[in-house]
Amino acid sequence: MLTFTVRRLVLAVPTLLFISLVIFLLLELAPGDPMAQVPLTVPPEVKEKMREALGLGQPMHVRFLKWLVQFFWVEPQVLFDHLFGTGFAEGKLRVLSWQTRSPVMDIVVQRIPQTLWVVGLSYVVGVLIALPIGIYSAYRQYSIFDQIGTFVSMIGFSVPTFFTGVLLIVIFSVNLGWFPSIYDTTHKVTDWDSFVFQMRQLAMPVFVLALFNAAQISRFMRASMLDNLNQDYVRTARAKGLGERAVVMVHVLRNSMIPVVTVIALGAPQVFAGAIITEQVFKVNGLGHMLIGAIEANDLPTVQTLTFIFALLIVLFNIIADVLYGILDPRIRYD
Amino acid sequence: MTDDTNVNPIGALSDPMPSAPPRSQWVAVWQQFKTHKGALLGGIIFVIILLAVTIGPWIWPYDPTYIDIRARNQGPTFAHPLGTDQLGRDTLARMMAGGQVSVAVGITAMLLALVLGSFIGVLAGFFRRLDGPLMRLTDLFLALPLLPLLLVMVLLFRDPLNAAFGPETGIFILIVCAIGVTSWMPTARIVRGDVLALKEREFVLAARSIGTKNAQMIIRHILPNVLSPIMVSATLGIANAIITESALSFLGLGFPPDFPTWGRLLFDATDYLQQYPERVFWPGLAISLTVLSVNYLGDGLRDALDPRIRGR
Amino acid sequence: MKIKTLMLGAVAATTLAPAAIAERGADGHVNVIYWQAPSILNPYLSSGTKEIEAASLVIEPLGRYDPTGALIPYLAEEIPTLENGGVSEDLKTITWKLKSGLKWSDGSAVTAEDVKFTAEYCMHPEGGCAQLAKFEGVESVDVMDELTVKVTFNEAKPNPYGPFMGGQSPILQKAQFADCLGAKAPECTDANFAPIGTGPFAVTEFKPNDVISMEANSMYRDASKPAFATLTFKGGGDATAAGRAVLETGEFDYAWNLQLAPEVIANMEKGGKGKTVAAFGSLVERIEMNMTNPSSDLAEGERSTAAHPHPFLSDINVRKALSMAIDRELLVEIGYGKAGRATCNLVPAPAIYASDNTDCLVQDIAGANALLDEAGWVKGADGIRAKDGVKLSILYQTSTNAVRQDFQALIKQWWSEIGVETELRNISASVFFGGDPGSPDTFQKFYADVEMYANNFDGTDPEAYLAQYTCDKAPKPSSQWQGENINRFCDPAYDELVAELGRTGSLEKRGELARKMNEMLTKDSYTVVPLVDRGRVSAHANTLGGVVLNTWDSELWNAADWHRIK
């Protein structure tokens, strides 16, 4: 297993380089112009000058190499400097956003807290409620609990977050006034009262997202459990006198986890990609908001950097999932 | 888990006398399907939705794009049972016309994603040599930013498709492909994970030992056993496709703006949530009903196709 | 009467509601929400409205436009004019005098050097300054003494108020930006995110594309202002949410530019927490007719170029009929409510430049039908008019926006009533307004028969705006599809008027010329079909006093006067 993990990690490097190239080419090919948001009153000659100042006049391969150097060489140095107070990166050009003209990574670091609070928390909550619901629904298939669970999760999945979010705001912010409708990103948790406020402003976005995540995961959990509950080994386990709890929670659950692990591992990088619509509805302004804003403004360095970080996480979680498969089912062999 | 009573203790020991000629497999599947009430109900609702959106517009006198500005923002009346929108267009007519597009896009895009995802997932899980390249391809697609990808697809293919199939079919093909191509990856990963575990199981070993060819192995032994995650992907896929379509039209990448779809109706109505809540209700209900009915249909089908459950 | 005298008169007439608050910072905290978030606070590096308006709280120009479009001094002692000798007789120089005793928020003195430096900063050839157009024709900027600076133009400038006037060209502190010239401009992140200014507020924390925290500027020139000690400027979301936060939940005090359906706003106002304010500028929503043939049958590089006139829109009767079929009053009612006025003019304001043309305001479907019948366009079996095998079938594109899509649907129906078939297309704004020559969907490329968008002009002078419609400014492949004459309108007589306007200094004569040019584009040729004069609706809380909406400059132009009503 160890050799497998090491080999996969090494192989990930060329994969990621290739992915970054494809992303770059895709962004180059996509129509759009960083000057799209500049008012029409600005004459074309000025716009041309502004494009040149962004470095758009340079040939494509030069720009790609520049990004590679900045991302893989300069940015780690900046991180190192930051951690140990050294000065390796001084005077070196970092990946700069075209919108803010500031280092992209600085903004990413700024956005991570609110993203983790909202999207991360909702994912954890989603998983934690999805697993028991999925297991119990399968164990008591077609019971009232299962029917309600199915119904709620299907509603949760089929009604888009732009609607549930607004609905919650209208009910809980406008009519009842319980929760703030706009997330305060400058809020800092220092004592109990500020913690309560943080929970209040988290309540609605987390609920919306958790419902959506839980719906999806619980469906896969239920289906996979159902497949396994009828297997011969379950009968064997029962026949040899194991308690019902041990049969379901140990034998069946472990064997049912493979698709669920896949789904959870697929969703985890999404946490860092943010939840574009929910962030927009509640003004959380996390990484999802940053990415969509950058795409709309054709801020290519930001889009490239964010997408690449995202790709990194996808590859990483994929490896984790593969390792977990091997642990869950020792029969799976990779070498 | 429904019925485990009425088992004759000595029934297993005596040879039953065949009372009728053996039923074909499909009859058995149908027999099993019929007993699943949820599936039956789901099927009926789904058929009703299909009929409403296909035949409905022929019967209903209003044109979904006809604007009657004097009749705008009406609540339910006899002439307009579901009311009218902010331009005075009949909501029922728009729901039916929108349903045609949404259901068609939802189902075709879901099928495309499903076929593509299952194909790649099975290949990657079954053939070790293909696993690496195919999964890296999946990683790549997962990593690509959706919006620029769609913009590029529109840029490259809209005009050729319009020229070849006419504007409406052209854009339909484009949207279905766009959604299909960008949503097959989860299915592929899930199917692969299951296949990895399945192919080490005893029955696969047994099948191999009697000389089963790879193609046979996949079709007879592997696919039926990964059916349930595929079914779940399918139900989630329809909802996903309908919603994605609305996001696409919202971004100006989808159907022309006067072309109603459920997702779009829902999106447009969100602004009017407080004044006219019913406008949000209808498209929301339609999407949920479709997804729910497909879900139960899928449940029933899976049970009916599973020989271990069938006949219990 | 010269332009300057008029402006001087307007200065005198300026109305400012003085707040009876004696102490700076006495009113605590104020929350402002913009549904588009500012990404930088240096308007020279980004010309988006959101950036300019956010920055206007911190950095100020020498003079601003007030809600009537008149000029009022900010950092300058007075507005230089011909009469007070600030503008030279040959219209080639303008001399600004700073108020004495002005301080930056860090306590250092504001001098003429800072003004000169600001010009250097923007005019640096490698800087890619977004406001370069403001400095067009500037030959030199010279410091006369500590507080006096003279701008010299390379030719007579009838309107010398480009540099240092209005929210787009505020004064930067030389000490802060000295190392940020040219290519180094983007590297000065700290300066770009928290410029030191003279305005009522100073930045304490800037989170790009998210939120800005500010505090009262302790060095502000009026010791009793601003009334608020701190300010939060939140960005992002959508107009609905911003309106809701001010009008319904009362979480915020001021929301910018509520582009929402009138009934949605009306319903929000029932929340009772705030009210809306509206004002008009020069923004006009219009339909542009393509005078060239956009057919995809033509080769790439030939489509939508002057070499191929449009098969039917080149017939003025068709253009006129299309305009006659539109009910502008209804469009306003549905799309903009009190933030819109039906208009037939490309230049709707200021009054001196606005033509009195109103004959398009009444919808006349019968008249349009008769006109087309007369011109030989006959209805076929499918109800669509055709002549010599050319069908009146139109591709109508615009950017993605709920109101625009409603307009499209309505206009499509009216046009169908006069036998014109319409295909609608909406394109994401980032593509439509982007100048990517590789995309077929940009508004400059105009691969459609008609398109709809809104445009306006900077400041109060429409010269540059009207000069966009000369023959040589048509977007074409050889210019990488850049150019402002979107319609490819080409009339030598018009080009001559443009040149004449550039030479004319007399305000009355300029008004006359501008009105004539406006009419040539609209009611004489129906090349541009104006629909709605779009104002701006913003909302403020009932407890926020001193708000005066201004469309000619930053909306936050008088934030120093804002106060809490108790």
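Brief remarks on what is shown
- A search for C-beta distances below 6 Å between a residue of the range C:238-265 that is closer than 18 Å to A:Phe179 by Cα and any residue that is outside any loop (DSSP other than H, G, I, E, B) and polar (S, T, N, Q), counting only pairs 6+ apart in sequence or on different chains, returns C:Thr249/A:Ser173; C:Phe252/C:Asn31; C:Asp253/C:Asn31.
- Annotation note: of C:Lys157, C:Lys184, C:Lys174, C:Lys103, the sole residue that is surrounded by fewer than 18 Cβ atoms within 10 Å (Cβ to Cβ) and touching a residue at least 12 places away in the same chain (Cβ under 8 Å) is C:Lys103.
- Residues satisfying the stated conditions in the range C:438-475, i.e. under 22 Å from B:Leu151 (Cα atoms) and hydroxyl-bearing (Ser, Thr, Tyr): C:Ser439, C:Thr442, C:Tyr447, C:Tyr453
- Matching residues in the range C:301-329 - criterion: being under 18 Å from C:Lys387 (Cα atoms) and of a type in the set (A, V, I, L, M, F, W, C): C:Phe312, C:Leu313, C:Ile316, C:Val318, C:Ala321, C:Leu322
- Residue within the range A:93-100 that is among the aromatic types (Phe, Trp, Tyr), within 14 Å of chain C (Cβ to nearest Cβ), part of a loop (DSSP other than H, G, I, E, B) and in contact with a helix residue (DSSP H, G or I) (Cβ under 9 Å, 6 or more places away or on another chain) present: yes
- Selection count, the range A:253-268, where residues are closer than 23 Å to A:Phe310 by Cα and among the charged types (D, E, K, R): 0
- Considering the range C:404-434, the residues that are more than 14 Å from chain A (Cβ to nearest Cβ), in contact with a Gly (Cβ under 9 Å, 6 or more places away or on another chain) and assigned to a strand (DSSP E or B) include one that is nearest to C:Val450 (Cα to Cα), namely C:Arg425.
- If the condition is being buried (at least 23 other Cβ atoms within 10 Å of the Cβ) and of a type in the set (A, V, I, L, M, F, W, C), then the range C:490-527 contributes C:Ala514, C:Met517, C:Leu521.
- Looking across the range C:118-144 at every residue that is at pLDDT below 90 and among the charged types (D, E, K, R), the one that is nearest to A:Ala53 (Cα to Cα) is identified as C:Glu126.
- Some residue of the range A:210-229 being away from chain B (no Cβ under 14 Å), small (Gly, Ala, Ser) and without any contact (Cβ under 8 Å) to a residue 24 or more places away in the chain: no
- Each residue in the range B:94-114 was checked for being within 14 Å of chain C (Cβ to nearest Cβ) and either among the hydrophobic types (A, V, I, L, M, F, W, C) or in a loop (DSSP other than H, G, I, E, B) (or both), and 1 pass.
- Filtered residue count, the range C:377-403, keeping only those that are assigned to a loop (DSSP other than H, G, I, E, B) and either touching a strand residue (DSSP E or B) at 6+ places or on another chain (Cβ under 6 Å) or aliphatic (A, V, I, L, M) (or both): 6
- Scan of the range A:111-141 for residues that are without any contact (Cβ under 8 Å) to a residue 60 or more places away in the chain and either of a type in the set (S, T, N, Q) or not in a helix (DSSP H, G or I) (or both), ordered by number: A:Arg140
- Residue among B:Ala79, B:Ala71 that alone is of a type in the set (A, V, I, L, M, F, W, C), more than 14 Å from chain C (Cβ to nearest Cβ), free of Cβ contacts under 8 Å to residues at least 60 places away in the same chain and surrounded by fewer than 19 Cβ atoms within 10 Å (Cβ to Cβ): B:Ala79
- The residues of the range B:154-184 that are among the small types (Gly, Ala, Ser), surrounded by fewer than 17 Cβ atoms within 10 Å (Cβ to Cβ) and at negative phi, listed by number, are B:Ala163, B:Ala164.
- Within the range A:10-39, residues that are within 13 Å of chain C (Cβ to nearest Cβ) sit with their Cβ atoms under 7 Å from residues that are among the acidic types (Asp, Glu), at 6+ positions apart or across chains, in these pairs: A:Pro31/C:Asp436; A:Pro31/C:Asp441; A:Gly32/C:Asp436; A:Asp33/C:Asp436; A:Pro34/A:Asp299.
- Close pairs (9 angstrom Cβ cut-off, 6 or more residues apart or separate chains): free of Cβ contacts under 8 Å to residues at least 24 places away in the same chain in the range A:298-324, assigned to a helix (DSSP H, G or I) and acidic (Asp, Glu) anywhere: none
- Against the numbered list (1) in contact with a Phe, Trp or Tyr (Cβ under 9 Å, 6 or more places away or on another chain); (2) under 26 Å from A:Leu40 (Cβ atoms), C:Asn159 comes up short only at (1).
- Residues in the range C:252-307 that are out of contact with any Lys or Arg (no Cβ under 7 Å at 6 or more places or on another chain), aliphatic (A, V, I, L, M) and over 28 Å from C:Asp533 (Cβ atoms): C:Leu298, C:Ala299, C:Ala307.
- Subset of the range C:435-462 [part of a loop (DSSP other than H, G, I, E, B), closer than 30 Å to C:Gly502 by Cα and modelled with pLDDT of 90 or more]: C:Phe446
- Residue in the range C:550-563 that is out of contact with any helix residue (DSSP H, G or I) (no Cβ under 9 Å at 6 or more places or on another chain), part of a strand (DSSP E or B), modelled with pLDDT of 90 or more and over 29 Å from C:Pro475 (Cα atoms) present: yes
- Some residue of the range C:322-336 being outside any strand (DSSP E or B), without any contact (Cβ under 8 Å) to a residue 12 or more places away in the chain and surrounded by fewer than 16 Cβ atoms within 10 Å (Cβ to Cβ): no
- Taken over the range A:180-193, the residue count meeting the criterion of being loosely packed, with under 12 Cβ neighbours inside 10 Å and under 21 Å from C:Ile212 (Cα atoms) is 2.
- Enumerated strands (runs of 3 or more DSSP E) restricted to the range C:146-262, each holding at least 3 residues that are among the polar types (S, T, N, Q): none
- Against the conditions (1) more than 14 Å from chain B (Cβ to nearest Cβ); (2) part of a helix (DSSP H, G or I); (3) within 24 Å of the chain's Cα centre (by Cα), C:Pro348 satisfies every one except (2).
- Inspection of the range A:180-187 identifies no residue that is among the charged types (D, E, K, R) and part of a helix (DSSP H, G or I).
- Scope the range B:119-147; condition under 23 Å from the mean Cα position of the chain (by Cα) and either away from chain A (no Cβ under 13 Å) or of a type in the set (Val, Ile, Thr) (or both); matching residues: B:Phe119, B:Ile120, B:Val122, B:Leu123, B:Thr138
- Selected residue (criterion: modelled with the lowest pLDDT) from residues of the range A:287-304 that are more than 9 Å from every other protein chain (Cβ to nearest Cβ) and farther than 12 Å from B:Pro148 by Cα: A:Gly288
The values are calculated or read from the model by the stated rules, or taken from the named source; none is laboratory data. In this text, all values refer to a predicted model and were calculated from it rather than measured experimentally. Cβ sites come from the backbone with ideal geometry, for glycine too, and all protein chains shown count toward neighbours.
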